[in-house]
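Just below is one structure, and these are the notes that go with it.
What follows draws every value from the coordinates through simple rules; no lab data is involved. A quick note: this is a predicted structure, and the numbers were derived from the prediction, not measured. When we count neighbours, we look across all protein chains shown, and the Cβ atoms used for this are built from the backbone with ideal geometry, even at glycine.
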Amino acid sequence: MRGILKSWRSLRLGLVVALAAANPTLADPINGFSERFARPPSAGWQVAHYSFSHPAFDSDWSRENLRFSQGLHLSLTPQTTAENRFLGASIRRDTPSHYGRYEAVLHPARGVGIVTGFFTYTGPHYGTRHDEIDIEFLGQDTTQVQVAWFVDGHLRSRKIPLGFDAADHPRRYAFEWHPDRLRWFVEDTMIFEVTEADSPLPKVPSYLFANLWAVDKSVASWAGVAAEGISAQAYVGHMQFAPLVTHTSHLKPTQTAGKSTP
């Protein structure tokens, strides 16, 4: 039996190595992560809880607006004792990541002036230029998704019709960050791609976020303005990241095999 298991593991390892050589999008299972938020994570994540001053946001952040229970439950609630009219929810990975596939099960919120986001971000707060890659749902029309990317603070974006209402139920959404292209997916179907020949692309390792927030009236032409006193909810079933494997990867085969074996 041990001989059979050893042969099977060797075969699996050979397949992993061969696929990695043939397909640079194959995920490295060592440095990635997958979080289903069945309960509050003991490490690896930071929940925002502070007053937020940003010209596009009409929201502060509250840890009370984020609940862990078989997924991540985000709430937007009104407040009357602060400059911003709402309390939103935001969570981020506590270490930056880079090229690879970012995926989440998302059930965005409906509502004019409300945004549900899943994205990577870095900027001056982290000592870098502003690079960002977004999946955003504008609650005024959840039959489309906005895909966007920032390079040194310069925004480029597209709104993509989905052919369904994303607020009806949770679905899988993803983006792939390659050195020379970005790709966005719904349930494994690619819906948009931009290459380095088309546009500058983000290059700086970034932090992964999910959030729910209300926009400031100064950007009403983009997403509308949330009505006074409204509430909204969004859901994240899981979030995961699979780093890119390239021909120059320095992974040791034994490391890959160890993670590949149940």
Please arrange Phe57, Phe33, Phe175, Phe86 by counting, for each residue, the other beta carbons lying within 10 Å of its beta carbon, fewest first.
-> Phe33, Phe57, Phe175, Phe86
Among Val145, Ile191, Pro78, which residue has its Cα positioned farthest towards the positive end of the charge dipole of the range 27-244, with +1 placed on the Cβ of Lys and Arg, -1 on the Cβ of Asp and Glu, and the dipole taken about the Cα centre?
-> Pro78
Table column - 3J(HN,Hα) (Hz), the range 49-64, Karplus curve with 6.51, -1.76, 1.60, x for Gly and Pro | 8, 5, 6, 10, 10, 8, x, 9, 10, 10, 9, 9, 10, 9, 5, 5
Would you mind checking which residues have amide H under 5 Å from Thr143's amide H? H placed 1.01 Å from N; only 5 or more apart, or other chain.
-> Ala166
Sorted by chain and number, the residues with a modelled amide H under 5 Å from that of His130, at a separation of 5 or more or across chains, are Asp152, Gly153
If amide H atoms are modeled at 1.01 Å from N in the peptide plane, then the residues at a separation of 5 or more from Leu72, or on another chain, having amide H under 5 Å from its own are Val236, Gly237
Along the range 165-182, what does the Karplus equation 6.51 cos²θ - 1.76 cosθ + 1.60 (θ = phi - 60°) give for ³J(HN,Hα), rounded to whole Hz, x for Gly and Pro?
-> 9, 4, 7, 6, 6, x, 9, 8, 10, 7, 9, 10, 10, 10, x, 10, 6, 10
Give me the distance in nm between label points sitting 7 Å out from Cα along the Cα-to-Cβ direction at Gln144 and Arg172, one decimal.
-> 2.7
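What does the highest-first list of 115-125, 74-84 look like by mean Cβ count within 10 Å?
On the way: 115-125: 20.8, 74-84: 15.4.
Packing proxy ranking, top to bottom: 115-125, 74-84.
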